[in-house]
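Structure record follows, encoded as structure tokens.
The values are calculated or read from the model by the stated rules, or taken from the named source; none is laboratory data. In this text the structure is predicted, and so the values were computed from the model without any measurement. No Cβ is skipped: glycine too gets one built from the backbone with ideal geometry, and neighbour counts run over all protein chains shown. Side chains included, ligands, DNA and RNA excluded: accessible areas come from the protein's heavy atoms. Shrake-Rupley method; radii C 1.70, N 1.55, O 1.52, S 1.80 Å.
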Amino acid sequence: ALHCGNSCFWTGGFMNADIFGRICRHTKPLVVLALCLLLLPTGHAAEVTSDRLAQSEAEPENWLTHFGNYEAWAFSALVQINRDNVGEVVPVWSFATGHKGLNSTPLVADGVMYLAAPQNQIFALNAATGEMLWTYTREIPEGRVARPTAGLAVGFGLVFFGTVDNHMVALDAETGREVWDVQIEDPKQCGCGPSFAPLLVKDKIVVGVRGEVAHRSYINAFDARTGALAWRFWAIPGPGEAGHETWPDDLWKLGGASTWYAGSYDPELNLIYWGIGNPAPMLGGTQPGDKLYTNSLVALNADTGAVKWHYQETPSDIFDLDSATEPVLIDAEYEGAMRKLVLHPTKGGFTYLLDRATGEFLKAYPHSQSITWTKGLDAKGQPINRQSLSSDYETMVCPSVSGSRGAQHSAFSPRTGWWYTTSLESCAMVKRIDPGAPKEGQFYNAASLIAVLSPEAPPHVAAFDAISGERKWTFETDLVNGSSLLATGGDLIFGGDLLGFAWALDARSGTKVWSFNMGSGVTNAPISYAVNGRQYVAIGAGALSASAGLSTRLWPEMAARMPPAGSSIFVFALPEKKP
């Protein structure tokens, strides 16, 4: 078991040898033994700790974080299902939440799946059979509420989630009993809700804020065991704080900067990486200033929330080109030396490569094929010759509000070294309007817009060399792709479309090699896990996303073909061999 060449195959043979080899080379023998033992079915759940989260590569039978690991790879090392046999995969169980719409990513810990439904409901399911173990429902009060949570966190025997009425709640993982409940902020005042998914780091549960409203946004860290606020990072610096001078007048008080999605974490550097959205007003603002930390990637000290570094990708954004998407952490050779890198895509169509220890800009490359808002980027990654907007006529801007990217996250495969991402390729005709004075918690916008198709390229999924940016292949999609992506050790990319089909692509060629009609559009993130040596792939059907609405506007002739919103999770596997 201590011999790395065996790759712990005596535990079931479902872990990729290359991945396990990397763990072996950098891990002490006794730790390797402990990691191998974790792969054995024990019949009972062990507590998920921050150490387990930091070493999640060692237990690919679980899916312990929103992105599968701290690095935001959305990668499973399991190889039992691969590009040679994926055509044999069949559904083995499904579970309906009883609601409308589903875009949440389930977690799996030690044979138990945790799934968030749209109406403040959490389910615990037997991950091998779909049998319900417990359910938790929180009453939704009257008044303004946010969109449902898209992700969970687990640890310390608890399940954490953000509610539609802007609370953070911790549940006992074995019973579903509520352990603590903290209101983040009054949604009736702020018009906001918790970020799509929380992140458990050490003993803290970290969560952002979402909402395209006049509001001063932040990232909060709560004590995971008690719910007490540990620290708050303000995405808009206040008076006396570095960066406050980049804001005009009093706009900083209601300046937006939503921290929409979820971050990643480097345990060695003890840094949390989080992307930040656009300033208010959403479109067409005329106020001067760079408006930090909008449209930036920030690196925060996990213990204090202090900014270690920031990199602003689009200063003074007037096109709603958020930088809120996932920061992907990669250790790789760059210009002859091994570097700790962070790959960061944005709605503006560019992907940025930075040194994640220092924030140094290294390079950027386009992942979108239609970019008009800027003529390109300079040597420091800053936009040049940006488009302007007028109150007298409409201007076509690509990408626009929906962006080239959104909440549908990417995937990175350490096997191929390639990064896989969606590009929505949506544009808009934009015209400046008078926004009036901002009112806290209210939508604040200074432009009108009409969504239009890109004249240059259809929506697609594409593969890139993560470091060079070389495009390896492109898979065109009938509509904008609403699902996130999953890469696997079997050289597969799983996803789904708004017409109701889950699918798998060959990770090396982009060829579709499997599909299944789910009966409702796919807008969540596929995951993969194993129980007792059998690999499963879980995909949700629900069509709950902005992409669904965008598609019916851009392709009205397709509206009749789009199935209604459902709310079911489907789990697939290879057929069991008969004795």
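For LEU362, state whether it is among the aliphatic types (A, V, I, L, M) and either open to solvent by 10 Å² or more (accessible area, probe 1.4 Å) or under 29 Å from PRO288 (Cα atoms) (or both). Yes. Among residues of segment 118-133 that are at positive phi, those with a Cβ under 7 angstrom from a residue that is open to solvent by 10 Å² or more (accessible area, probe 1.4 Å), sequence gap 6+ or separate chain, pair up as ASN120/THR137; ASN120/ARG138; ASN120/ILE140; GLY130/TRP93; GLY130/SER94; GLY130/PHE95. Restricting attention to segment 413-448, the residues being crowded, with 23+ Cβ neighbours inside 10 Å, under 21 Å from the mean Cα position of the chain (by Cα) and assigned to a loop (DSSP other than H, G, I, E, B) number 2. Within segment 463-476, the set of residues being open to solvent by 20 Å² or more (accessible area, probe 1.4 Å) and in contact with an Asp or Glu (Cβ under 7 Å, 6 or more places away or on another chain) comprises LYS472 only.
Okay, residues lined up against (1) touching a helix residue (DSSP H, G or I) at 6+ places or on another chain (Cβ under 8 Å); (2) in a loop (DSSP other than H, G, I, E, B); (3) within 27 Å of HIS99 (Cα to Cα):
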site	(1), (2), (3)
SER483	no, yes, yes
ILE493	no, no, no
SER528	no, no, yes
ALA560	no, no, yes
PHE570	no, no, yes
GLU576	no, yes, no
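Take the conditions (1) without any contact (Cβ under 8 Å) to a residue 60 or more places away in the chain; (2) surrounded by 19 or more Cβ atoms within 10 Å (Cβ to Cβ); ASP355 misses just one of them, which is (2). Among the residues of segment 301-352, those identified as closer than 25 Å to SER390 by Cα and among the β-branched types (Val, Ile, Thr) are THR314, ILE318, THR346. For segment 169-192, a residue qualifies if it is out of contact with any Gly (no Cβ under 6 Å at 6 or more places or on another chain) and outside any loop (DSSP other than H, G, I, E, B), and the qualifying residues are VAL169, ALA170, LEU171, ASP172, GLU178, VAL179, ASP181, GLN183, PRO187. Summed over segment 205-233, residues that are outside any loop (DSSP other than H, G, I, E, B) and open to solvent by 30 Å² or more (accessible area, probe 1.4 Å) total 5.
Residues checked against (1) among the aliphatic types (A, V, I, L, M); (2) open to solvent by 10 Å² or more (accessible area, probe 1.4 Å); (3) under 17 Å from SER217 (Cβ atoms):
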{"site": "TYR261", "(1), (2), (3)": "no, yes, yes"}
{"site": "GLU268", "(1), (2), (3)": "no, yes, no"}
{"site": "TYR273", "(1), (2), (3)": "no, no, yes"}
{"site": "PRO281", "(1), (2), (3)": "no, no, yes"}
{"site": "THR286", "(1), (2), (3)": "no, yes, no"}
{"site": "ASN295", "(1), (2), (3)": "no, no, yes"}
{"site": "LEU300", "(1), (2), (3)": "yes, no, yes"}
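Pairs are defined by a Cβ separation below 7 Å, a sequence spacing of at least 6 or placement on different chains, a first member in segment 89-102 that is within 14 Å of ASN517 (Cα to Cα), and a second member that is in a loop (DSSP other than H, G, I, E, B) and modelled with pLDDT of 95 or more; the pairs so defined are VAL89/ILE81; VAL89/LEU574; VAL90/PRO575; SER94/GLY130.
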